[in-house]
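Taking it in order: structure first as structure tokens, then the write-up.
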Ligand code: ATP
């Protein structure tokens, strides 16, 4: 048997102010000494170092109660430390790995556990000088079926603990003795982990639930983006064809129109130059001269006509005068007075007639003629006077002078007629000249008109050309605008869909196409429609959305996978728990059976007969409730539905009718307890058992039986016994005496059996 327990070292722990070491490398070690010397402190030191958390079970209420509190001569300390050394040659000590993972083997021949407590209550644990958690200590010691409050350390007065423990606590004690505690711890761990994992699963499910609408939203967005991408492709392709065709159409049509326009501009300018020339060459000075000439002729003709008319009027008068003058009354042949008188009157009348005709206005008579008439008038007056004066006696014959005057007038009349004739010839000449001048003027005007006609002809042409030019200009401008718009469209398409002319594949798009403005406008309109749809969809490439969608899906898949993993973990944890529970149940049942065998035997040995057994009982929590008939029945509490098994201890003693354990005497109780304890220890022996005055109540005979059992037990477990019992001391291999002098500090000494008996007193 390996002597697992090697040493215990106490320093500042309770009454052990000085560092005190105990060696246990023998089957049975006895600690002896007088009351109050500190023996139980050694046992508590053992509990302490193995991770005991109940201060009460170490007779303290705070961590500082574990530290040497000082005495009259030794001052108090601020730290207590206990170290325990185990043999680990067989590498039995292992630390549990995480749930489902491999345990970690501690590759040391010795394992030294150490626990320190400071006055503020802080605890520090270490394994071979490496600081560890309490859990690691508990985990480690459970490997060798040693628990802090376990069955292997029976404190003073605790021997019959198993007797008055509740069925459940008894079951726990048995489980621990059977080494099932490690499984319980594993179940606890697994349950904790399960709980955490389930919480984590809920968290992840929550996250996925939160993600779901976002994913749905993003999916729709991505579909939109994909549709838009198709639209963009379509747009890019269609725009390429459109741009190609629009350019081709523009190059052809616009160039023709531009050439035509430029030709018309040149033509129009040439005509305008001709017009300018035609306008400036008209010289009107000859016309002015001709008009002046015509006016001169008119003036002359008016003068001549007036003169002719004056002469004509004078001629008329002269002719009238001459007519009268030629009608001179003939002298009457009968010369009666009456005849004479008549003749006289006739002559006078003639005279008056002539005189009246002689009154010419000077402006219409020529000078010569006027003097002739004047001469006639005077001669007539004289002749008239003569007649009037001479009466009938007077020769009434016309005097020759008068005749001469008439002749002269006659001559004069001929002159006038001659003059008139000349004037008319002149007038006629003037008319001829006038006509010629007029003709010239007419001709001039005719030429002017002709020139004007030419000018207007040109102007009409220029006008026609101008409007044609304007029309063409309008078309050229329209082409320019069309081209500019095409360039703008290309730039816009470059930005919108990354259009590049080089991407447009072939000229095939142009084969058999006869474009015009309308067909191109139609195409462009169609493109605009697509463009609006692209812009409505947000214009951008949508890379961000696709990226976000992929990332979100990735995250969701990651979470889904994690959920899968978590499910795996949950299932394996639940399996693990189930397996552990099954294992505990199995080992427990089998263990209890074995314990019962030992227990029965031990009871029989100790009491010289009788029986002892552990009975499993259903201790599932029940509550009392009333039925409809008013009967009270116990029902299983639904909340505590999981079936729980407890352990009941049954004993019969020879010749005694034991109905309850309470009926046993102190010594009997002690023996039953020890029997149960030893039975437990034999099934799955702990590496060591500490028994603090378990033998206190035994009489001599029973002390011997007890001593026998100790020896038997020491073949499977190392024993450390605190005792005042001589019989017990006699079975020990090593004896430690604990004393306390006046300084209140416990001291340890190795003693021989006889000394021990003395020390114990
Ligand atoms: P018995 O034989 O009566 O059971 P024992 O040898 O087991 O006695 P313990 O109970 O181990 O004696 O020791 C008790 C002694 O330890 C007491 O005298 C007590 O004063 C002392 N003691 C306990 N705690 C401390 C402490 N923190 N500092 C100093 N001394 C302490």
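Side notes on the structure shown:
- Rg/Rh (Cα only; Kirkwood hydrodynamic radius) as it applies to the chain: 1.91
- Per-bin percent of Cα-Cα distances, segment 424-503 [5 Å]: 4, 11, 9, 8, 7, 7, 6, 6, 6, 5, 5, 4, 4, 4, 3, 3, 2, 2, 2, 1, 1
- For segment 1-150, Kirkwood radius (reciprocal of mean inverse C-alpha pair distance, Å): 16.1 Å
- 0 to 90° range, to nearest 10: angle between helix 167-177 axis and the chain longest Cα axis: 90 degrees
- Expressed as a fraction of 2.2 N^0.38 Å, the value expected for a compact globular protein of N residues, the C-alpha radius of gyration of segment 673-724 is 1.05.
- Peptides 591-602, 102-113 ordered by average Cβ neighbours within 10 Å, highest first: 591-602, 102-113
- Model label points for residue 700 and residue 273, set 7 angstrom from Cα along the Cα-to-Cβ axis, are 16.6 nm apart.
- Degrees between helix 367-390 axis and first principal axis of the chain (Cα, 0 to 90, nearest 10): 40 degrees
- Here r is the Cβ-Cβ distance between residue 532 and residue 210 and R0 is 25 Å; the resulting FRET efficiency, rounded to 0.05, is 0.10.
- Alpha-carbon gyration tensor eigenvalues x 5, square-rooted, for segment 213-311, Å: 90, 19, 8
- Calculated translational diffusion coefficient of segment 424-579 (37 °C, 0.692 mPa s; Stokes-Einstein with Kirkwood radius over alpha-carbon pairs) equals 127 µm²/s.
- Per residue of the chain, the DSSP helices (runs of n ≥ 4 H) give a summed -39500 (n - 2.57) that works out to -21000 deg cm²/dmol at 222 nm.
- Here the convex hull built on the C-alpha positions of segment 547-604 has a volume of 45 cubic angstrom per residue.
- Folded to 0 to 90 degrees: helix 666-683 orientation relative to the chain principal axis, Cα: 60 degrees
- Relative contact order of segment 115-212, pairs being alpha-carbon contacts under 8 Å that are 6 or more residues apart, as %: 19 percent
- Across the chain, Cα pairs under 8 Å and at least six residues apart give a relative contact order of 25 percent.
- Extension gain, residue 345 to residue 454: 0.36 nm times the residue separation minus the Cα-Cα distance gives 30.9 nm.
- Listed peptides 513-519, 126-132, 180-186 by packing density, highest first (mean Cβ within 10 Å): 180-186, 126-132, 513-519
- Structural descriptor for segment 72-176: relative contact order 21 percent, calculated from alpha carbon pairs under 8 angstrom and at least 6 residues apart.
- When segment 1-83 is reduced to its Cα atoms, the Kirkwood hydrodynamic radius in Å: 13.5 Å
- Share of Cα-Cα pairs in segment 100-167 lying beyond 20 Å, as whole percent: 47 percent
- Calculated FRET value between residue 3 and residue 730, using beta carbons and R₀ = 25 Å, to 0.05: 0.75
- Length gained on full extension, residue 757 to residue 289, computed as 0.36 nm times the residue gap minus the Cα-Cα distance: 150.1 nm.
All of the numbers you see were taken from the coordinates with simple rules; none came from a lab. Note that this is a predicted model, so its numbers are computed, not measured. Ideal geometry is used to build each Cβ from the backbone, glycine not excepted, and the neighbour counts take in all protein chains shown.
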